[in-house]
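The values are calculated or read from the model by the stated rules, or taken from the named source; none is laboratory data. Because the structure is predicted, anything quoted here is derived from the model rather than measured. No Cβ is skipped: glycine too gets one built from the backbone with ideal geometry, and neighbour counts run over all protein chains shown. Just the protein is used for accessible areas: all its heavy atoms, side chains included, with ligands, DNA and RNA removed. Shrake-Rupley method; radii C 1.70, N 1.55, O 1.52, S 1.80 Å.
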Amino acid sequence: MRIAIVGGGLGGLAAAALLSRAGADFDVQVFEQAQVFRKLGAGIQVAPNMVRVLRGIGIADAVIREGCVPHCSLSRRAETGEIMLDFPFVHDGVLRYGEPLLTVHRGELHAALLAAVPRSRVHFGRRVVDVDADRAGARLAFEDASTAQADLVVGADGIRSRVRDVLLGPDPPRLMKTSYRAMVPAARLPGAVDDLTKWWGADRVFIAYFTSATREVLSLACDAPDKQWPHETSFVPSTPEALRTAMEGFEPRVQRIIDAAPAVTKWALYDRESFPLWSRGPITLLGDAAHPMLPHAGLGGAMALEDAAVLSRCLLAERADTGRALARYEATRKDRTAAVQERSRQNDWLMDTPDGHDWVFDYDALGEPLGEPA
Ligand SMILES: Cc1cc2nc3c(=O)[nH]c(=O)nc-3n(C[C@H](O)[C@H](O)[C@H](O)COP(=O)(O)OP(=O)(O)OC[C@H]3O[C@@H](n4cnc5c(N)ncnc54)[C@H](O)[C@@H]3O)c2cc1C
């Protein structure tokens, strides 16, 4: 089966790695618009359910060695710093979910996923502009006027997915809010900082965590007050002054972290409703292309990797019938990803209650029973 994956982000590379390893007769090719691979981005939280998929790919231990493994997630009140929740991920040396939650530089995670895919299968500088399908399969058209044929097209091309537009018609994602992010060298921080902390204000949240085992850099993110985005790109440079103004009233620990930030970027955060369908004929969607979500719970990447795991299992289980494989994929994933989208919108994940998180963190996308289409 010739499988064309559009997008070499977190979900697309995870799917390519798993399908390349599946042992079946899968000819997997990844088409990525970027000209070259770059270790972009800031920090990312890798939830235990995401680590389980990394283990299936064979890169979990390498990523865990690279990242910071916080023993707990701390919640503090914005104004006073009072602890609202100390949610343990490791207790008496035992991992609560069998796998850790870790925080790592997104570029390192991306590089580990890329290294797990045979190099000859990843094609950079290939921006997909159109996809069409008939009984014989699918045809991809690229910006450089080249084309490719496939038996299955997986749209893993992120929140502004071109493949999604082909399936469902053009519909830009909704701008929900804006957010500041910064990377702070630990050497500039006066005093110790906890591994992973969220400060909860009435209408703003501030989060900070380390991006490596050596705890050399702290990644921070927080809500910005405005909701305008006149820019073409998903993030733009901002200033430490703007960040300081946004976090006025937050307790001194937050102010000290902000004061140490050498540079600040500002991001647009988007959302979409769940889609009526994920697949048509030999075309399907995965990750943010299928269910973009606000980053408040830090679970968008985890959902993309879970999708990749379930899709590869469905294709393996239903090799003779791709349509049935895609129907089972959607049946397995749709309700869960919609529920995580909704929880992300609520913006109260790990805020003040220790209950109600196991359904996310305990999930094993490589072991859960596959669903049956209604
Ligand atoms: C500020 C912020 C913080 C976040 N923090 C976390 C976190 O802590 N934990 C977590 O789990 N998730 C987090 N997320 C969410 C996570 O980053 C995404 O959910 C995840 O990257 C989705 O993976 P994906 O493969 O679907 O898309 P992406 O990783 O976005 O990859 C899409 C790829 O497709 C390529 N592409 C796009 N269009 C085309 C085209 N036409 N042709 C070819 N290639 C194309 C792009 O270049 C890109 O490489 C965060 C998101 C944001 C914005």
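The residues of region 75-97 that are at positive phi and exposed (fewer than 13 other Cβ atoms within 10 Å of the Cβ), listed by number, are ASP92, GLY93. For region 34-48, indicate whether the set of residues that are in a loop (DSSP other than H, G, I, E, B), more than 16 Å from the ligand (Cβ to nearest atom) and either buried (at least 18 other Cβ atoms within 10 Å of the Cβ) or within 17 Å of the chain's Cα centre (by Cα) (or both) is non-empty. Looking for residues that are in a loop (DSSP other than H, G, I, E, B), more than 16 Å from the ligand (Cβ to nearest atom) and either buried (at least 18 other Cβ atoms within 10 Å of the Cβ) or within 17 Å of the chain's Cα centre (by Cα) (or both), one finds none in region 34-48, hence no.
Across region 65-73, not a single residue is classified as more than 30 Å from ARG256 (Cα to Cα) and of a type outside the set (A, V, I, L, M, F, W, C). Just so you know, in region 16-33 the residues that are touching a Ser or Thr at 6+ places or on another chain (Cβ under 6 Å) and part of a helix (DSSP H, G or I) include one that is least open to solvent (accessible area, probe 1.4 Å), and it is LEU19.
Could you please let me know if ALA317 is within 16 Å of the ligand (Cβ to nearest atom), surrounded by fewer than 22 Cβ atoms within 10 Å (Cβ to Cβ) and not acidic (Asp, Glu)? Show your work before the answer.
Values: within 16 Å of the ligand (Cβ to nearest atom): no; surrounded by fewer than 22 Cβ atoms within 10 Å (Cβ to Cβ): yes; not acidic (Asp, Glu): yes.
Judged against the criteria, ALA317 is not a match.
Mind counting the residues in region 139-169 that are in a loop (DSSP other than H, G, I, E, B) and under 16 Å from ILE283 (Cα atoms)?
Residues of region 139-169 that are in a loop (DSSP other than H, G, I, E, B), as a first pass: 143-146, 151, 156-161, 169.
Then drop every residue that is not under 16 Å from ILE283 (Cα atoms), which leaves 151, 156-158, 161, 169.
Number satisfying all stated conditions: 6.
Test each condition in (1) open to solvent by 20 Å² or more (accessible area, probe 1.4 Å); (2) of a type outside the set (Gly, Ala, Ser); (3) within 12 Å of the ligand (Cβ to nearest atom); (4) out of contact with any Phe, Trp or Tyr (no Cβ under 8 Å at 6 or more places or on another chain) for ARG119 and report the one that comes out false. All conditions pass for ARG119, except number (3). Scanning region 135-157 for residues that are within 23 Å of GLY323 (Cα to Cα), open to solvent by 10 Å² or more (accessible area, probe 1.4 Å) and either free of Cβ contacts under 8 Å to residues at least 40 places away in the same chain or within 11 Å of the ligand (Cβ to nearest atom) (or both) yields ARG135, ALA136, ARG139, ALA141, ALA156, ASP157.
Take the conditions in contact (Cβ under 8 Å) with a residue 40 or more places away in the chain, outside any loop (DSSP other than H, G, I, E, B) and either open to solvent by 10 Å² or more (accessible area, probe 1.4 Å) or not hydrophobic (A, V, I, L, M, F, W, C) (or both) and apply them to GLY11. Does it pass? So GLY11 passes the test.
From the residues in region 83-105 that are out of contact with any Asp or Glu (no Cβ under 7 Å at 6 or more places or on another chain), part of a strand (DSSP E or B) and closer than 17 Å to VAL46 by Cα, which one is nearest to the ligand (Cβ to nearest atom)? Show your work before the answer.
Within region 83-105, the subset out of contact with any Asp or Glu (no Cβ under 7 Å at 6 or more places or on another chain) is 83, 86-96, 98-103, 105.
Now restrict to residues that are part of a strand (DSSP E or B): 83, 86-88, 90-91, 94-95, 102-103, 105.
Cutting the leftovers down to closer than 17 Å to VAL46 by Cα gives us 87-88, 90, 95, 102-103, 105.
On the way: PHE87: 16, PRO88: 19, VAL90: 19, LEU95: 18, LEU102: 10, THR103: 8, HIS105: 11 Å.
Residue satisfying both the conditions and the ranking: THR103.
So, in region 106-116, of the ones that are within 21 Å of PHE26 (Cα to Cα) and open to solvent by less than 70 Å² (accessible area, probe 1.4 Å), which residue ends up farthest from the ligand (Cβ to nearest atom)? Checked region 106-116; the qualifying residue farthest from the ligand (Cβ to nearest atom) is ALA116. Working carefully through the options SER161, SER179, find the one that is touching a residue at least 60 places away in the same chain (Cβ under 8 Å) and touching a Lys or Arg at 6+ places or on another chain (Cβ under 8 Å). Exactly one of SER161, SER179 is touching a residue at least 60 places away in the same chain (Cβ under 8 Å) and touching a Lys or Arg at 6+ places or on another chain (Cβ under 8 Å), namely SER179.
Report whether or not THR80 is away from the ligand (no atom under 15 Å from the Cβ), outside any helix (DSSP H, G or I) and β-branched (Val, Ile, Thr). Explain how you work it out, then say what you get.
Working: away from the ligand (no atom under 15 Å from the Cβ): yes; outside any helix (DSSP H, G or I): yes; β-branched (Val, Ile, Thr): yes.
Yes; evaluated as a whole, the condition is true for this residue.
Output the strands (runs of 3 or more DSSP E) that fall wholly within region 179-292 and possess 1 or more residues being within 16 Å of the ligand (Cβ to nearest atom) and more than 30 Å from VAL6 (Cα to Cα), or say none. Steps first, please.
Values: elements: 196-200, 205-210, 217-223, 235-238, 264-271, 283-285.
Ranges flagged: 196-200, 205-210, 217-223, 235-238, 264-271.
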